[in-house]
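The structure appears below as structure tokens.
The values are calculated or read from the model by the stated rules, or taken from the named source; none is laboratory data. Every value quoted in this text rests on a predicted model; they were computed, and no experiment measured them. Using ideal geometry, Cβ is built from the backbone for each residue, glycine included, and neighbour counts are taken over all protein chains shown.
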């Protein structure tokens, strides 16, 4: 498609009744945007503003909205030790993901860039759990974690049988058992993301550092890792946002139990809204979740992602 | 990858040892993925006493009744049908809505363009959970509870941000010359979108379709709260219910779960490229 400039200039003027490319009358623009805007307004923006509205009422979701309580629902939420525990659990999952899951994903991604035979197969299989639904994942792992189930038997098989626990029934470790499942399901996604980032790094740089006598570790530490920074940051961000909203897997495996030990903000919200019919209070909780996500996103945008890219956020 | 020529590697023995270690790690991780999956698949062929005695080896004898029960269970097919229907409707809503919007956002100047785009990207942060209560109220008011549309419409809306974020840079990258040529031929924006942009973007659109189908197929929270009647349940709801119904019958649970898992895995192996590139191009500047 090569059109010489003069020609374009000749045909552009409006006298032929055509507008220059890049502009269109606003009704046309609006018509194009309409389906998406309508869907989005009706089912995303409007509900969220409604959440904010409901959060000021004591309301069971059925009767008219009359019982205005101001910020009382928010005060109640933050005064409830169970809610604070739920937030803490989200925090623990975030911390563990950043400290363990993502470094693990980086390590495996780097490993897969080495000269391994069959690395396509490894990559495909590592990513596979990501595609399974949280329900399937949760249900299968619940069976695996059963007392004397697969997990215990594998431990016994490698001579660590006395590590066996009530993986999902012991309040002290249920959250960590869940974290293991989360990592099992999601590390492949992060690994693939980081692999894509690694492919953007020119191999010449790593080769140059190797020729200069840098060890593999030094090359990784001073060449690869800094260049991989943006990708790792995207990965971290997605991991944080995902952990803030954790629901499905917890609901399927433990419903937040035993004794609240795996409750998250989202399970707390659903529990209060749909099991106890406290829509006003639960809406306040959803506003808190939303607010936290927004704060994290803004801070992240401001301090971490800023220089990296537009449109960086996936799923 | 043929760049290891002149580099001064250690003696070959040491090299092999390192390589062996890499394979060992890669293989161990592979095992950690495969063992739970095959536990589920093979577990469906066991009896519960076999499962208790030895969940690791091959079943002896192979028990067919679990899979038989699941495969002759009419409600199982109902869940599959509902899941397929909802996934199709969702995709049919997302594709036109997202591509039309992304097209003008990418190609035309208009007031408020950045605002509209920012509004959509903001949506990447909202999980359904944040809006679930008012969404439930809205669906109740509009009579969409217990209906496939009641899931598909909100799902499509929540799928728009990612789709638009993936589509916009692609639409942008299509050379302006094409648009000029089209304009010379008398193409308005709609013709240009339909006859030039869409055919060119088939790969991206299929990526979005695949991601939408996967998201819809796996969705849990919204169906859980909106689809109250068992006849309307989707596959994840059915499986969740099976795992409560057969609490002590692990083998049966595994048979059902495996049957739910297999279509997703097959779909993944077929559409792997779309899934992986779709999820990573959004995340890494390409």
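Yes/no per residue for (1) in contact with a helix residue (DSSP H, G or I) (Cβ under 9 Å, 6 or more places away or on another chain); (2) more than 18 Å from residue A:258 (Cβ to Cβ); (3) more than 8 Å from chain B (Cβ to nearest Cβ); (4) surrounded by 15 or more Cβ atoms within 10 Å (Cβ to Cβ):
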{"residue": "A:130", "(1), (2), (3), (4)": "yes, yes, yes, yes"}
{"residue": "A:134", "(1), (2), (3), (4)": "yes, yes, no, yes"}
{"residue": "A:146", "(1), (2), (3), (4)": "yes, no, no, yes"}
{"residue": "A:154", "(1), (2), (3), (4)": "yes, yes, no, yes"}
{"residue": "A:162", "(1), (2), (3), (4)": "yes, yes, yes, no"}
Out of all the residues in segment A:164-173, is one or more crowded, with 19+ Cβ neighbours inside 10 Å, within 9 Å of chain B (Cβ to nearest Cβ) and under 28 Å from the mean Cα position of the chain (by Cα)?
no
Any residue at all in segment A:273-281 that is in contact with a strand residue (DSSP E or B) (Cβ under 7 Å, 6 or more places away or on another chain) and closer than 25 Å to residue B:122 by Cα?
yes
Condition (residue is surrounded by fewer than 17 Cβ atoms within 10 Å (Cβ to Cβ), free of Cβ contacts under 8 Å to residues at least 40 places away in the same chain and more than 30 Å from residue B:148 (Cα to Cα)) applied to segment B:66-83: is it met by at least one residue?
no
Quick one: would you say residue A:45 is within 9 Å of another protein chain (Cβ to nearest Cβ) and modelled with pLDDT of 95 or more?
no
Conditions: (1) free of Cβ contacts under 8 Å to residues at least 24 places away in the same chain; (2) surrounded by 16 or more Cβ atoms within 10 Å (Cβ to Cβ). Residue A:99 meets all but one. Number of the miss?
(2)
Please determine, by comparing only the residues of segment B:42-53 that are surrounded by 20 or more Cβ atoms within 10 Å (Cβ to Cβ) and part of a helix (DSSP H, G or I), which one is modelled with the lowest pLDDT.
B:51
Single match in A:113, A:124, A:88 (criterion: surrounded by fewer than 22 Cβ atoms within 10 Å (Cβ to Cβ), at the interface with chain B (Cβ under 10 Å from one of its Cβ atoms) and free of Cβ contacts under 8 Å to residues at least 40 places away in the same chain):
A:124
Is it the case that some residue within segment A:276-289 is modelled with pLDDT of 90 or more and under 15 Å from the mean Cα position of the chain (by Cα)?
yes
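Out of the residues in segment B:102-113 that are in contact with a helix residue (DSSP H, G or I) (Cβ under 9 Å, 6 or more places away or on another chain) and free of Cβ contacts under 8 Å to residues at least 24 places away in the same chain, state the one that is surrounded by the most Cβ atoms within 10 Å (Cβ to Cβ).
Here the answer is B:110.
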Failed condition for residue B:61, given (1) at the interface with chain A (Cβ under 8 Å from one of its Cβ atoms); (2) out of contact with any helix residue (DSSP H, G or I) (no Cβ under 7 Å at 6 or more places or on another chain); (3) closer than 30 Å to residue A:147 by Cβ, with all others met?
(1)
Any idea how many residues of segment A:240-296 are facing another protein chain (nearest Cβ under 10 Å), out of contact with any helix residue (DSSP H, G or I) (no Cβ under 9 Å at 6 or more places or on another chain) and over 29 Å from residue A:68 (Cβ atoms)?
0
Pairs needed: first member in segment B:261-281, more than 10 Å from chain A (Cβ to nearest Cβ); second member anywhere, part of a helix (DSSP H, G or I); C-beta distance under 7 Å; at least 6 residues apart or different chains.
B:274/B:206; B:274/B:207; B:274/B:210
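Just need a number here: residues in segment B:167-177 that are facing chain A (nearest Cβ under 8 Å), out of contact with any helix residue (DSSP H, G or I) (no Cβ under 6 Å at 6 or more places or on another chain) and part of a helix (DSSP H, G or I). I'd like the intermediate steps shown before the answer.
Step one: of segment B:167-177, the residues facing chain A (nearest Cβ under 8 Å) are B:168-169, B:175-177.
Then drop every residue that is not out of contact with any helix residue (DSSP H, G or I) (no Cβ under 6 Å at 6 or more places or on another chain), which leaves B:169, B:175-177.
So of that shortlist, the ones also part of a helix (DSSP H, G or I) come out as B:169, B:176-177.
Count: 3.
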Determine, yes or no, whether residue A:216 is surrounded by fewer than 22 Cβ atoms within 10 Å (Cβ to Cβ), over 17 Å from residue A:300 (Cβ atoms) and modelled with pLDDT under 80.
yes
